[in-house]
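One structure is given here, and the rest of the page talks about it.
Bear in mind that the values in this text are calculations on the coordinates, not laboratory data. These numbers come from a predicted model, not from an experiment. Positions of Cβ are generated from backbone atoms using ideal geometry, with glycine treated the same way; all protein chains shown enter the neighbour counts.
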Amino acid sequence: MKMNLPVTGQEQRFSADKNMVTKTNTKGIITFANQDFVEVSGFSEEELIGKNHNLIRHPDMPPVAFEIMWKTLKRGLPWRGIVKNRCKNGDHYWVDARIVPIKKNGEITGYMSVRSCPSREDVAGAEAAYESAKNRPDTLKEDVSPGWKKHLSIKNGIPLWIAFVTLLMIGGGILGITGLNLSKADIQALYHQEMVPVQAIQRMKFLMADNRSQLALALNFKFGAHSDVVLNHGAGNHHVQVIATNRQEIDQLWAHYIGQVRDSKEQQLANAYIQARNRYVNEGLLQANQAIEAEDYLQAQRVFFNQVNPLYDTANAHASTLLSYLSERAHSKLVDTTKRGELIFKMAVAGIALSCLVLIVAGVFFFRITAHPLEKAVLALENIAEGKLSDNVDPSGYGEPGRVMTAVMVTQMHLKVMLHEIRQSAGSIHQQCNQLNQVMMDLAEHSDEQQERIYQTVEAVKSSRTAMTAIAGHMDTLLEAVHAGDNDSAATLQAPGQTEPPMPAFELMPAELMAVFGDSLSTAAPAPEPSAAPVAPPPRATPTLPPAAPTEWGQQVQTVASAARSQALAVEEVSSQLHQVARLVVQNREDVQGAWAASQRLEHTARELDELVKYFD
């Protein structure tokens with residue numbers, strides 16, 4: 001790990017409105033740093049751009065903290081923590097750093113970080129944790145979610161929810177069907193195990209009573225009265241047959257019943273009953289039947305009263321006791337069945353209530369891990385839409401909601417970084433526009449001055465051209481005068497009586513010509529001495545040509561005229577070029593004015609960018 005020394009131990013605090021923003025590539029090389037970062041760190045922008053971010057790492061930061069940070073970032077997740085950084089002069093400052101990866105087409109292309117001022121409580125906690133991590137690095141651990149929480153997503157949750165609800169419905173159906181089957185089984189058991197024996201005993205009691213009645217009818221005994229006519233009637237045999245049939249039915253009922261006796265008490269009561277019944281049959285009914293078959297009705301009557309009735313009462317009492325026991329047992333069984341049914345009903349209600357409770361709890365849990373984070377994401381996006389980027393977005397969560405919150409946090413940080421870049425670019429535009437405006441103002445002033453001087457030069461050139469044209473004209477006139485002088489000289493030589501040369505009609509050497517060519521002309525052709533006689537006209541120099549060389553004067557005049565014309569043409573060409581230069585200067589001035597207008601529009605755009613950035617502050 002790089003050791004940045006020296007350190008002073010002096011903390012540099014900064015205001016809460018500062019947000020230090022940096023961007024790096026995947027190797028940690030700084031590609032952007034905003035002005036707040038430059039001011040707090042003490043490094044210039046040139047010292048930061050292109051350098052590794054560990055340039056500001058403080059020696060007190062344990063390496064394990066950065067290992068955890070890089071592990072988190074390389075998984076494509078955001079990282080947040082309290083970090084101690086080193087200033088250029090050795091001081092330090094604490095920041096609440098949030099770092100997110102920059103992705104393009106799913107690949108990490110760099111990282112960006114937004115640092116703000118942490119609370120003093122966070123600083124104290126981080127300082128203690130880092131001090132402890134120097135000796136025990138394992139005290140700092142990566143904040144990772146448990147393995148099972150990785151599967152908490154809407155994609156997995158909805159199928160699980162459907163499966164869970166289906167299982168609850170199946171479980172409830174099984175519970176209900178099982179309860180119905182148990183109730184049905186209890187009712188069937190109650191009927192077959194309790195009610196059938198009761199019905200059998202009751203039937204046997206009825207048949208026993210019917211046998212006694214049939215025996216009484218056979219004896220024609222009714223309410224203690226009889227007659228010999230009826231007793232001797234043959235219809236009594238029918239009653240005997242009914243008694244025999246009832247006895248067979250009782251024997252069948254008893255044979256079926258006795259095989260289903262369930263407990264010892266019932267067995268004891270059943271044995272007592274069957275014994276009493278056998279005595280009733282053997283000692284009562286059979287003897288009475290024998291007496292009736294022997295047509296000894298008086299004996300049959302004595303047997304009926306003395307044996308059948310007492311034995312019947314005894315057997316009937318035992319049957320009633322057995323029947324009471326069976327009824328009580330059936331009632332107890334019914335109570336148990338009812339209780340069991342009530343228990344099943346309560347269990348069904350409890351199962352339904354538990355299912356509803358589980359559904360509610362699962363729904364609340366699902367709502368907390370899905371709807372609640374999504375609601376926070378919506379609120380965060382609404383705040384971003386309103387221009388509020390200072391709110392801290394918590395990226396905690398699982399599955400799709402957690403990814404949404406992470407994406408919202410990354411989007412917020414992207415906007416912050418872009419706004420800082422826009423703000424910094426707008427400031428640079430303002431600065432460059434001011435410099436450009438100053439240069440253009442100077443250029444405009446120089447253009448005005450140059451244009452004025454050019455116009456002055458053009459006017460001077462025009463004057464020179466006019467003068468040259470005039471000189472050429474005077475030279476032509478002088479040349480004509482020279483030729484005329486030559487002719488007059490020849491005439492004078494032919495007429496010697498003529499003493500005074502004729503006066504020329506024009507001035508051969510005007511003042512402007514003398515001013516321009518005076519020296520050369522005086523050298524080439526010196527003027528003769530004036531005549532001693534006074535001249536009547538006003539005194540004006542009248543040149544006289546030496547009679548010896550009249551052709552030489554004409555050649556000089558012709559040369560001067562040609563030179564004047566050439567000079568005039570050159571001056572005209574210079575004037576034309578100066579006019580072109582003047583037009584170029586005017587065009588440059590117009591271009592400067594256009595550039596000034598463009599600079600003003602650019603500065604206006606920079607101000608609009610400033611307003612846009614202020615909207616998101």
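Here are some notes:
- Calculated FRET efficiency, Lys71 to Ala444, Cβ-Cβ distance, R0 = 41 Å: about 0.10 to the nearest 0.05.
- Restricting the calculation to alpha carbons of the stretch 1-125 gives Rg and Dmax of 13.9, 44 angstrom.
- Rounded FRET efficiency, nearest 0.05, which uses the C-beta distance separating Ala185 from Arg302 and R0 of 35 Å: 0.05
- J(HN,Hα) series, the stretch 370-375, from Karplus relation 6.51 cos²θ - 1.76 cosθ + 1.60, nearest Hz, glycine and proline x: 10, 5, 5, x, 5, 5
- Phi angles of the stretch 595-611 translate, via the Karplus equation with coefficients 6.51, -1.76, 1.60 and θ = phi - 60°, into HN-Hα couplings of 5, 4, 4, 5, 4, 5, 5, 4, 5, 5, 4, 4, 5, 5, 4, 4, 5 Hz per residue; Gly and Pro are given as x.
- Overall dimensions of the stretch 364-444, expressed as equivalent-ellipsoid semi-axes from the Cα gyration tensor (√(5λ), whole Å, largest first), are 45, 10, 7.
- Of Lys27/Lys74; Lys23/Lys74; Lys184/Lys339; Lys23/Lys104; Lys74/Lys134, those spanning more than 22 Å from alpha-carbon to alpha-carbon: Lys74/Lys134
- With the Kirkwood sum run over all distinct C-alpha pairs, the stretch 289-391 has a hydrodynamic radius of 22.1 Å.
- Hydrodynamic radius of the stretch 240-313 per Kirkwood, over alpha carbon pairs, in Å: 13.3 Å
- Two-site label geometry, Lys462 and Ser332: point separation in nm, points 7 Å out along Cα→Cβ: 14.6 nm
- Nearest-0.05 FRET efficiency for Val581 and Gln10, computed from C-beta distance (R0 60 Å): 0.40
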